[in-house]
Amino acid sequence: MHRIYLFPFVKATTFFTLTLLLISCSSGKMKQSPTGLQYTILKKGHGPGAKTGQQIMLFETTSYRTGEVLYSNENTTTPVKVLIGGNQATKAVDEAHLGMQEGEIKRIVAPPYLVKRTDYPPNVHPDSTLVIKMILHKIL
């Protein structure tokens, strides 16, 4: 008779589940907009919220859900200038910028239908869910 030992599998599964739970709790509660964009505010900002038609300066890091970084200017001194609602970013990013305040840090999880582009950088798969951390440096 053969015995099957499930303890290592159960132990690994429990560890993985607890790790995910701790990560989700430590990063704040994830909310979802009507479009399906998931987001959490990691740090509150100050002042008025950004509106459509305004230009903003921001730092960002875009990655896959696995953590593989696709693009980042977060560790540079040069923020990116974006016109909110000016079709300079994906629908997910434009939506996420609305209402952000200077100094705010937001993490979004954007499904493929909100990050569609006409051209894709070679390291981005068109059917990917992307995780984007945004730091609003300044509203112009």
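Tabulated values for the structure
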quantity	calculated
Breaking point among (1) assigned to a strand (DSSP E or B); (2) buried (at least 17 other Cβ atoms within 10 Å of the Cβ); (3) touching a residue at least 40 places away in the same chain (Cβ under 8 Å), for Glu95	(1)
Which numbered condition Glu102 fails, given (1) closer than 17 Å to Gly36 by Cβ; (2) in contact with a Gly (Cβ under 6 Å, 6 or more places away or on another chain)	(1)
In the stretch 34-50, residue farthest from Ala96 (Cα to Cα) [restricted to those that are surrounded by fewer than 14 Cβ atoms within 10 Å (Cβ to Cβ) and without any contact (Cβ under 8 Å) to a residue 60 or more places away in the chain]	His46
Tabulated pairs, the stretch 54-76, first part of a loop (DSSP other than H, G, I, E, B), second among the small types (Gly, Ala, Ser), C-beta under 9 angstrom, 6+ apart or interchain	Gln54/Gly85; Arg65/Ser128
Enumeration of residues in the stretch 44-61 that are of a type in the set (Val, Ile, Thr) and either on the phi > 0 side of the Ramachandran plot or touching a helix residue (DSSP H, G or I) at 6+ places or on another chain (Cβ under 9 Å) (or both)	Thr52, Ile56
Every residue from the stretch 34-53 that is part of a loop (DSSP other than H, G, I, E, B) and under 21 Å from Ile139 (Cβ atoms)	Leu37, Lys44, Gly45, Gly47, Pro48, Gly49, Ala50, Lys51, Thr52, Gly53
Flag for Thr77 being at pLDDT 90 or above, in contact with an Asp or Glu (Cβ under 6 Å, 6 or more places away or on another chain) and not hydrophobic (A, V, I, L, M, F, W, C)	no
Selection status of Val82, surrounded by 15 or more Cβ atoms within 10 Å (Cβ to Cβ), in contact with a helix residue (DSSP H, G or I) (Cβ under 9 Å, 6 or more places away or on another chain) and farther than 17 Å from Gln38 by Cβ	yes
Count - residues of the stretch 29-55 that are within 26 Å of Asn87 (Cβ to Cβ), among the basic types (Lys, Arg) and in contact with a Ser or Thr (Cβ under 8 Å, 6 or more places away or on another chain)	1
The stretch 51-71, residues that are surrounded by fewer than 16 Cβ atoms within 10 Å (Cβ to Cβ) and among the hydrophobic types (A, V, I, L, M, F, W, C)	Val69
Residue check for Asp127: in contact with a helix residue (DSSP H, G or I) (Cβ under 6 Å, 6 or more places away or on another chain), farther than 19 Å from Ile56 by Cα and at pLDDT below 90	yes
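The values are calculated or read from the model by the stated rules, or taken from the named source; none is laboratory data. As the structure is a prediction and not an experimental result, all values here were calculated from the model. Heads up, the Cβs are rebuilt from the backbone with ideal geometry, glycines too, and the neighbour counts pull from every protein chain shown.
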